[in-house]
Amino acid sequence: MQKPPVKKEPLIVRAIGGIFVGIPFGIAKSILTHLTGQNKPWLEKAVLGTLGFFSLFCIVKLGSLFDLLDLLFQSKAVDPAWESGIKFSFFFLIYLAITLPVFLCFAYLNQEARLFKQDGVKRDPPPEKMRAFRLKSNYHNVYLGYGLNQDKPLYLTNDQRLMHCEVVGSTGTGKTESVLLPMLAHDIAHGKGAIIIDGKGDLELRNKIRYIVHKQKREDDFYFFSLSHPKKSNTYNPLYRGNPTELKDKLVNSMAWSDEFYRRMAEQAALTLLNAIASTGRRTRFRELHGYLTDLNALKKLHDETTSPVLKEDIAKMVNSFRDNQKFLAGLMSDLFLTSRSEFSDLLDTDKPQIDLLSLYEKNQICYFALDLQKYA
C-alpha cells in the first residue's frame, strides 16, 4: 500500500517561516553562547535585563511605534520605492524585540537537552546546577552525582550507605576527588564521624581532609596515623581494646605461618600472657609481650604478679619450658621484636594512645590512617 504524497508548502512560505524562526533562534543561541563563555554573571544579567526591558517597551508601546512609522511615510521623507522594505524591516525588528526572550529560553532548554541526548553523547550538567543539587543534601542523604541515563540528581540515603560501595576506575581517573572526598566533606559538615584507610599514604589527601575539617571548625575531632610521617602522626595501639582472646587473634592472624604447629604454639603462649596481663589491670604493649618471651626474669615477675591459680600454673609451665619455647615461638618473638624496636615503635607501643577507635565512634570523630603499602609491606 503506497502512502499518499506529502504536500509541501510553497517556497516563499518556507523561506518566511525560516526567517521568522531561524534568525531569532540563531541570535538567541549566539547571545547565550557568548554569555556562558564570558563566565561573568553580572554581564549575563545586564544583557538579558536590557533585552527584556526593550522587549517589554516594544510590547507596551507597540501602537505608538506603528503610528511613528505612518508619520514617517506621510511626511514623504522616504522614497516610496523603499516603503515596503522599510515597513517589513521595521516590523521584523519589533518582532525580534518581542520574541527574543522567548527564543532565549527555548535556546537554553534546547542546549540543556542536547547535553544528554545528542547522538549518545553524555556530559556533566553545569557546575552551578550540580552545586544547587549538592546544597539540597542533608543529614539523611548525600549528593552522589548526576544520573546521565535518568537525567536527574542521585542521592544516597544513610541506609543505602550501610552497604558496600565499589567505585570503579583506573589510577588517576578521579575516584577520590569525585566520589570519596565529596561524601567525606558532607559527613564532616553534618557532624558525622569517619575512619579513612588509605593504602597510598601520601600527605596530599591528608591535607585536603585537614582543610575540610578546619573549614567546619572540627580540628579537635581529627586524628592522623602514618608510619611514613611519624612526626605528624598520632599514636595508636592496636592491642588497646579487646579481651585476651580477641587480642590473641589480632596478633596471630597478622602474621604469616608456614606450619600449623608453630601457629598453635604461638596462640597458646600469646593467650596465656594476655590473660595474665589483663588480670593485673594493665594495657597490653608489644614491647612487654616480647620481654616475657625473651627474658626469663620478666616472665617470673609476671608469675608473681598473677593471683589466679590457673594462670600461675600456665605461666609456671612457660617458665619450665622457657628454653624450648625459644625454638617453638621464634616466629612470634621475631614479629614482636620488629614491631617494638622499629623506628615507628613509639607510635604503636604505648599504653595511652591518642587514637582510640571506640572513642572515635562514640564521639563521631574523624581519623585518617595512611598506610604506605609500597614502603611497608
Filter the range 321-366 down to the residues that are assigned to a helix (DSSP H, G or I), of a type in the set (Asp, Glu) and surrounded by fewer than 16 Cβ atoms within 10 Å (Cβ to Cβ) and list them by number. 324, 346, 362
Kindly establish whether residue 142 is buried (at least 17 other Cβ atoms within 10 Å of the Cβ), modelled with pLDDT of 75 or more and under 24 Å from residue 366 (Cα atoms). yes
Would you be able to say whether some residue in the range 224-242 is buried (at least 20 other Cβ atoms within 10 Å of the Cβ), in contact (Cβ under 8 Å) with a residue 24 or more places away in the chain and in a helix (DSSP H, G or I)? no
For residue 256, indicate whether it is at pLDDT below 95 and assigned to a helix (DSSP H, G or I). no
Residues located in the range 302-320, provided they are part of a helix (DSSP H, G or I), free of Cβ contacts under 8 Å to residues at least 40 places away in the same chain and not basic (Lys, Arg): 302, 303, 304, 305, 309, 310, 311, 313, 316, 319, 320
Is it the case that some residue within the range 124-135 is under 30 Å from residue 227 (Cβ atoms), over 12 Å from the mean Cα position of the chain (by Cα) and not small (Gly, Ala, Ser)? no
Of all residues in the range 282-301, count the ones that are among the polar types (S, T, N, Q) and in a loop (DSSP other than H, G, I, E, B). 1
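The values are calculated or read from the model by the stated rules, or taken from the named source; none is laboratory data. Everything quoted here is computed from the prediction, not taken from an experiment. When we count neighbours, we look across all protein chains shown, and the Cβ atoms used for this are built from the backbone with ideal geometry, even at glycine.
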